[in-house]
Each structure stands twice: as structure tokens, then as C-alpha cells.
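Below is one structure; the comments refer to it alone.
The values are calculated or read from the model by the stated rules, or taken from the named source; none is laboratory data. The structure presented is a predicted model; accordingly, all values stated were derived computationally and were not measured. Note that we place each Cβ from the backbone using ideal geometry, even for glycine, and neighbour counts take in every protein chain shown.
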Amino acid sequence: MARLQVETVINGEPREFLCDANQSMLDVLRDELGLTGTKEGCGTGDCGACSVLVDDRLVCACLMLGVEASGKNIETIEGIAGDEGLHPLQRQFLENAALQCGICTPGFIVASKALLAKHPNPDEETIRYWLAGNLCRCTGYDKIVRAVQDAAAEMSHPA
Amino acid sequence: MESYAYAAPGSVSETVALLAQNASEGRQTQILAGGTDVLVQMRSSGHTPRAIVDIKTLAETNRLEVSADGIYIGAAVPSAVINEHPLLQTALPGLLEAADLIGSTQIQGRATICGNLCNASPAGDSIPAMIAAGAVCDIATPTGTREVAVEDFVVGVGRNALAPGEFLLGLKLAMPNAETKDAYLRFTPRTEMDIAVAGVGVSLTVIGGQCTNARVAIGAVAPTAMLVPEAAQALVGTDLNGDALHRAGEACKSAASPISDKRGTAEYRKKVVAVLCRRAVALAHQRIQGA
């Protein structure tokens, strides 16, 4: 089967890749482009480990075909940190010890970034509902919620 | 060995031509909108490779129009987009709360209510809400378009009324007046990320304290979501008192033919669907009074 050629933008950079018609965006990121920060958990859209932004919309990369990236703007965990260093969310996840094994963390950070873009100062309930599609089997979520709240505070009142 | 193919046609005529061509060549076609069901199905064992036809690049399927003349929700419009629409929030709060119950933030960024309808799961949350709201399917056919009421679109578990060569363009709804509101309630053991044990969609019109029109639909308690005219009849002409609500709930219970599974026994589901009916009617009524 002929592979399909796709032109897209990933983390602000124009990228071209070849993929199979049934290959997921997650597999393209990890296996074709070497962007292994996006993790595979369930592969069926239940766990959120593969969360990425597509035209600023939060989606599971496992539920999108690679070919559907054509003409889109994709942002992955690799694009979250700026030139000046870690994003406040990344820093606050570290400060709050909001991770243990770390497999779910890229997905939580991408999902939390989308949350803060829409709700800059979310209450705990908003955070928990927004992140209901991200599963963490280590932390029990409390530290994650606190990290997101602290990042929100930091972003609205930079030190 | 058949292999997967992918196409994103640029027009409706190109799409129906491609569907016809695939059919004439004996190829299975899979229409792709949000993909949140399709990609999971593609990963399951026993799924056979097929020609994927992506309808997200069509102008028609991306239509989202809300005006006094009517409402159109294109087949490629994700739940997150309709849920953010301020006019829809006022016009069809019940349909939106059903869409908002389906999956996580990530799922809602891709999933479409038209896909929920085509997937035709007995527990699809948006389907009873669409039926209650009186939505009509706008279907592209090889010779033009045809319309089918949502309650007639799902014909069995996982089966819809689309003939080979057809696909769903979108949903048409009337703009509800100020005296008309809808509501959708479902029961799940968890508050989020779960599949309905039972669900009820209701749309009511109340003028001068009297219910003049009602549509009640039940989900997850029969092979397909279905309209329950007997429940509507119990409400119309009343002031929505406790007795009317009770009779509407009993009508839902009688109409239900649920299965017993890990989510609940048939007996439990019948009891729950009656309770949900009463509560959904009360909620829609409250919304009319609050408007």
C-alpha cells in the first residue's frame, strides 16, 4: 500500500511525514517523528496519556489518524517549554511532586494547558471535571490538582 | 489482502461518487467524522480493512447555524463546539447536556453528535435528546438529499437507516420558542466518564401553565433509543402535576424493554427510567418557568 504524504505544523515547525492510511497520530508522533514525549496508555481514548492540541483543541492522539494532521497545527508536550525554560505547569508539577511513574504526566500537562487557556483561574471542581479524561494510577490526583492551581496562580500573577 | 485507504473529498458530489465507486468495486467504506468510535473499532480484532472517507473537509458538514429560522448542526461539528455556542445553550440545553455527558474533554474535542447517532449504540446519550428535540437527519444520497426523523434513523443495535452510497450531512431542528425547553438526564454509577444505565430526553411546551406539547424519548433501555408517545400524552393538557409526571414515568417504564447486564438488571432499569422521566420533565418545566 502506498504511504500517504502529510504536511503539517508541529510545535510551530512545518513538518512532513509519510504514514499509512490507518496509522494513528500517536503512532506517527512516536514512530515516524521521534516525538516520544506523547505516551500511549490505553490506545482507545480512555486514559488521556496521548493528549495533544490540534488547532488549540485538546484531543487524544490515539483517536486521530496521522493523515488527519494535514494542514493542522499540532502541539505536543515537546512544545510546552519555552526558550526561557519550563512552563509554569511543568515547574509546578515538579514543585508539588504531582507525578510518580510519569507516564500520564505529559498528557496531564497538555490537558492542563488547554484548561488554563479557557479557564485561567479554575476552581477544584472545574479542574477535576476537565481532567476526568486523564487517568493517573500513582498520585491519587490531589497533588495534580494543586499543581494546576499553583500554575494558574503563577500565570495570572507572575513573580 | 484488502488494505486501508483514505480520502477526504472536497464536495458532497465527490463524496457520493466515491461511495458509489467503492460499492461497485466491492470495497467496504467507513465514513469518518470525529473518529472517536471508528478508531477504537479499527483497533479491535476482526476489523477488516476498508476505504476511509473523511467528511470533515466538506463545507456542508461543518455548518453550524442557529437562527430564528432554524438550527443546523453539521455532521463534522464536534461536541465541544456546539457546547460552547451561546445561542444553543439557551435554545437546546437538554441536547447540549447530553452531548456534554459523552466522554472526556479530549473526546468532546473530536466526537460529533451525528457520529453518536450513526454509531447507533443503545446507550448513545445524545440520541434520546435529539429525538425529544425533534431533530431530522439531512442525508446525502446519490441523487440529492432525503430527510429521516431521528427516531426512525436508528434501526437496531449498531445499525442505522443509511443505504449504501448515503451519508449523514447533519441535523435540522426547529428553533424552540420561549415556551419550549428540553432536558436530558441519565443515570450512571459514576458522575463522569461512564455509559448510561438509562436515559430520558424531554422537550416540553408550556403556555399559561398548561403543557401544550411534549416529546419524551428513552435511551439505554431498549435496542434503540425510542420516542414514547404515551408519556407525552400523559403530560399534554395537564399543568404537569405530580400525577401527570407519575403517569408519564409509568409510560416510559412500560415502553422499556431493557437487558440485564453489569450496569443493572432489567427490573432496575425500568424503575430508573420512570424516575428519570419525572425528573427530566420537572427540569424542562423549571427551565420554561425560569425563561
Region B:1-26 residues that are aromatic (Phe, Trp, Tyr), paired with ones that are in a helix (DSSP H, G or I) (beta carbon under 9 Å, 6 or more apart): B:TYR4/B:MET42; B:TYR6/A:VAL67; B:TYR6/A:GLU68
Single residue of A:THR38, A:THR44 found to be of a type in the set (Ser, Thr, Tyr), facing chain B (nearest Cβ under 9 Å) and under 28 Å from A:VAL145 (Cβ atoms): A:THR44
Answer residue from region A:1-21, given it is within 9 Å of chain B (Cβ to nearest Cβ) and in contact with a strand residue (DSSP E or B) (Cβ under 7 Å, 6 or more places away or on another chain) and is surrounded by the fewest Cβ atoms within 10 Å (Cβ to Cβ) among those: A:LEU4
Leading residue by the ranking (farthest from B:PRO78 (Cα to Cα)) among those in region A:53-70 that are aliphatic (A, V, I, L, M) and either surrounded by fewer than 24 Cβ atoms within 10 Å (Cβ to Cβ) or at the interface with chain B (Cβ under 9 Å from one of its Cβ atoms) (or both): A:VAL67
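Quick check on my filter: what residues within region A:134-144 are over 25 Å from A:VAL54 (Cα atoms) and either away from chain B (no Cβ under 13 Å) or under 13 Å from the mean Cα position of the chain (by Cα) (or both)?
Within region A:134-144, A:ARG137, A:CYS138, A:THR139, A:GLY140, A:ASP142, A:LYS143 qualify.
Give me the residue from region A:102-113 that is buried (at least 22 other Cβ atoms within 10 Å of the Cβ) and among the hydrophobic types (A, V, I, L, M, F, W, C) and, out of that set, nearest to the other protein chains (Cβ to nearest Cβ). Give the derivation first.
At the first step, the residues of region A:102-113 found to be buried (at least 22 other Cβ atoms within 10 Å of the Cβ) are A:104-113.
Next, only the ones that are among the hydrophobic types (A, V, I, L, M, F, W, C) stay: A:104, A:108-111.
Details: A:CYS104: 13, A:PHE108: 12, A:ILE109: 14, A:VAL110: 10, A:ALA111: 7 Å.
The extreme case among them is A:ALA111.
Each row is one residue, and each column tells you yes or no for (1) surrounded by fewer than 22 Cβ atoms within 10 Å (Cβ to Cβ); (2) more than 14 Å from chain B (Cβ to nearest Cβ).
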| position | (1), (2) |
| --- | --- |
| A:GLY79 | yes, yes |
| A:LEU86 | yes, yes |
| A:LEU89 | no, yes |
| A:ASN121 | yes, yes |
| A:GLU125 | yes, no |
| A:ARG128 | yes, no |
| A:ARG146 | yes, yes |
| A:GLU154 | yes, yes |
Exclusive hit being closer than 30 Å to B:ILE31 by Cβ, under 14 Å from the mean Cα position of the chain (by Cα) and not β-branched (Val, Ile, Thr), set A:LEU131, A:LEU63, A:LEU89, A:LEU115: A:LEU63
Which numbered condition B:LEU92 fails, given (1) more than 14 Å from chain A (Cβ to nearest Cβ); (2) touching a residue at least 40 places away in the same chain (Cβ under 8 Å); (3) touching a Gly at 6+ places or on another chain (Cβ under 8 Å): (3)
Pair list, Cβ < 7 Å and 6+ apart or interchain, from region A:29-42 residues that are in contact (Cβ under 8 Å) with a residue 40 or more places away in the chain to residues that are surrounded by fewer than 18 Cβ atoms within 10 Å (Cβ to Cβ): A:LEU35/A:GLU78; A:GLY37/A:GLU78; A:LYS39/A:ILE103; A:GLY41/A:ILE103
Residue selected from region B:23-49 under the condition within 29 Å of A:GLY43 (Cα to Cα) and more than 26 Å from the chain's Cα centre (by Cα), by the criterion farthest from the other protein chains (Cβ to nearest Cβ): B:GLY46
Region B:38-63, residues that are modelled with pLDDT of 95 or more, buried (at least 18 other Cβ atoms within 10 Å of the Cβ) and over 16 Å from A:GLY66 (Cα atoms): B:LEU58, B:GLU60, B:THR61
Residue tally, condition part of a helix (DSSP H, G or I) and either under 15 Å from A:ILE80 (Cβ atoms) or within 16 Å of the chain's Cα centre (by Cα) (or both), over region A:9-58: 6
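For (1) crowded, with 21+ Cβ neighbours inside 10 Å; (2) in contact with a Gly (Cβ under 6 Å, 6 or more places away or on another chain); (3) within 14 Å of chain A (Cβ to nearest Cβ), each residue gets a yes or a no:
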{"residue": "B:GLU97", "(1), (2), (3)": "yes, no, yes"}
{"residue": "B:LEU101", "(1), (2), (3)": "yes, no, yes"}
{"residue": "B:SER104", "(1), (2), (3)": "yes, yes, yes"}
{"residue": "B:THR112", "(1), (2), (3)": "yes, yes, yes"}
{"residue": "B:ALA132", "(1), (2), (3)": "yes, yes, no"}
{"residue": "B:ASP138", "(1), (2), (3)": "yes, yes, no"}
Criterion (touching a Ser or Thr at 6+ places or on another chain (Cβ under 6 Å) and modelled with pLDDT of 95 or more) met by exactly one of B:ALA244, B:ALA232, B:ALA214: B:ALA244
Qualifying residue in region B:250-261 (condition: modelled with pLDDT of 95 or more, in contact with a Lys or Arg (Cβ under 8 Å, 6 or more places away or on another chain) and farther than 21 Å from B:GLY156 by Cβ): yes
Failed criterion for B:ALA196 (all others in (1) at pLDDT below 95; (2) surrounded by fewer than 19 Cβ atoms within 10 Å (Cβ to Cβ) hold): (2)
Single condition B:PRO122 does not satisfy, out of (1) assigned to a loop (DSSP other than H, G, I, E, B); (2) within 14 Å of chain A (Cβ to nearest Cβ); (3) surrounded by fewer than 24 Cβ atoms within 10 Å (Cβ to Cβ); (4) not hydroxyl-bearing (Ser, Thr, Tyr): (2)
Boolean, B:GLY156 is over 19 Å from B:ILE82 (Cα atoms), at pLDDT 95 or above, of a type in the set (Gly, Ala, Ser) and crowded, with 18+ Cβ neighbours inside 10 Å: no
